[in-house]
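Below is one structure, written out as structure tokens; the observations come after it.
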Amino acid sequence: MPRIGEKTIERLETSLEDELHRRADAGALTAGDLQGLDAGLFAPAVYDESAAERGGYSNYSYWGSTLRIFWRNRVARCLVILLIALLAFTFIQPYLPNQKDPNVIYYDETTGMPLANKQPGQAEGFILGTNKVGQDLWSRIWFGTRTSLFIGFVVALVNAVIGVTLGVLWGYVRRLDQLLTSLYNIIDNVPRTIILILISYILRPSMTTIILSMCFVGWLKMARYTRNQVVIIRDRDYNLASRCLGTGTGRIIFRNLLPYLVSIIMLQTALAVPTAITDEVFLTYIGLGLPLDTPSLGTLIIAGKALMTTPSLSYQLIIPCVALTVVTVCFYVIGNAFADAADPKNHVS
């Protein structure tokens, strides 16, 4: 391929400049043309701040984007509908017609004997049969599910409030680091089961006792995760700039730190519900759970465990275990799906 010499390049540049000047002169207006123009066509434009704001407007919404991403997950969407239906039915079930009291022992009208261990469909009016003392298993399952879910929700809410509050202070306020670290190590080094047993043993068995024992140790995991995330982001440039500008600690926590912890908080809160139900089953198993007149999934599973060696009565263990499994899987999948949807990295289209 032949090379272009320097003189040729200079000649091309000169021709290009001449052409540009010629076209500019051809398009220029003469003095007479300028005088003939209407002055109103060239009125100076007034700056409109609202118009400038509209030019840079974005309809992005963090929570709207989070919900859209979450709702695209078909499995999570189906489990949300299932969980809502389950929760709704636990509350409306007692008000439906032909429902029985979960604590009443029913007797055979002809023999006067308790309707004990009747299989599903064997006794009229008992959808899931009866237990070993003649109580309606259908009503006890729904009452127990409502009780266990109430315990799980209360424990998860308390753990979230305490854990997030202490975790943020633990990670951001350096003066509290040593104190909260010592408190965490003291409680965490004692086995969780020992603490649950001691509190439940000292206080009288009740729902309040179980909730207090679970809340005493339940906030540790939430506080640790929150603290670790706060330590990572507390010294980033925008937080340093906020402190240099005199922004208060509370405003920095609520505006700069907590929005980055939404996914972790939601995941840990969702997982705390089945964990609390599992702890309630454990306390019931060792005899420190709820009273006998308060059915729960724990009391139903323990009562069914004593009959699992009898194949014809295994339904008394299988049914509450299925209810516990459905609740646990729903909260686990929903919690993980919402945590992924709440991650800002997944909002980039």
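Tabulated data for the structure shown
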read-out: Residue list for region 248-286, filter: aromatic (Phe, Trp, Tyr) and either under 17 Å from the mean Cα position of the chain (by Cα) or open to solvent by less than 30 Å² (accessible area, probe 1.4 Å) (or both); value: Tyr260
read-out: Residues located in region 127-186, provided they are more than 24 Å from Ser314 (Cα to Cα) and not in a helix (DSSP H, G or I); value: Val173
read-out: Enumeration of residues in region 181-213 that are without any contact (Cβ under 8 Å) to a residue 40 or more places away in the chain, of a type in the set (Ser, Thr, Tyr) and surrounded by 14 or more Cβ atoms within 10 Å (Cβ to Cβ); value: Thr209
read-out: Unique match (being touching a helix residue (DSSP H, G or I) at 6+ places or on another chain (Cβ under 8 Å) and within 19 Å of Ile162 (Cα to Cα)) among Tyr285, Tyr260; value: Tyr260
read-out: Residue match in region 98-107 (condition: assigned to a helix (DSSP H, G or I) and either open to solvent by less than 70 Å² (accessible area, probe 1.4 Å) or not charged (D, E, K, R) (or both)); value: no
read-out: Wholly enclosed helices (runs of 4 or more DSSP H) of region 220-319 bearing at least 1 residues more than 28 Å from Trp170 (Cβ to Cβ) and basic (Lys, Arg); value: 297-305
read-out: Filtered residues of region 170-180 (kept if of a type in the set (Lys, Arg) and open to solvent by less than 90 Å² (accessible area, probe 1.4 Å)); value: none
read-out: In region 150-188, the residues that are farther than 24 Å from Ile233 by Cβ and hydrophobic (A, V, I, L, M, F, W, C); value: Phe150, Ile151, Phe153, Val154, Val155, Ala156, Leu157, Val158, Ile186, Ile187
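The values are calculated or read from the model by the stated rules, or taken from the named source; none is laboratory data. The structure presented is a predicted model; accordingly, all values stated were derived computationally and were not measured. All Cβ positions, even for glycine, are placed from backbone atoms using ideal geometry, and neighbour counts span all protein chains on display. Areas reflect the complete protein model, heavy atoms only, side chains present, ligands, DNA and RNA absent. Shrake-Rupley method; radii C 1.70, N 1.55, O 1.52, S 1.80 Å.
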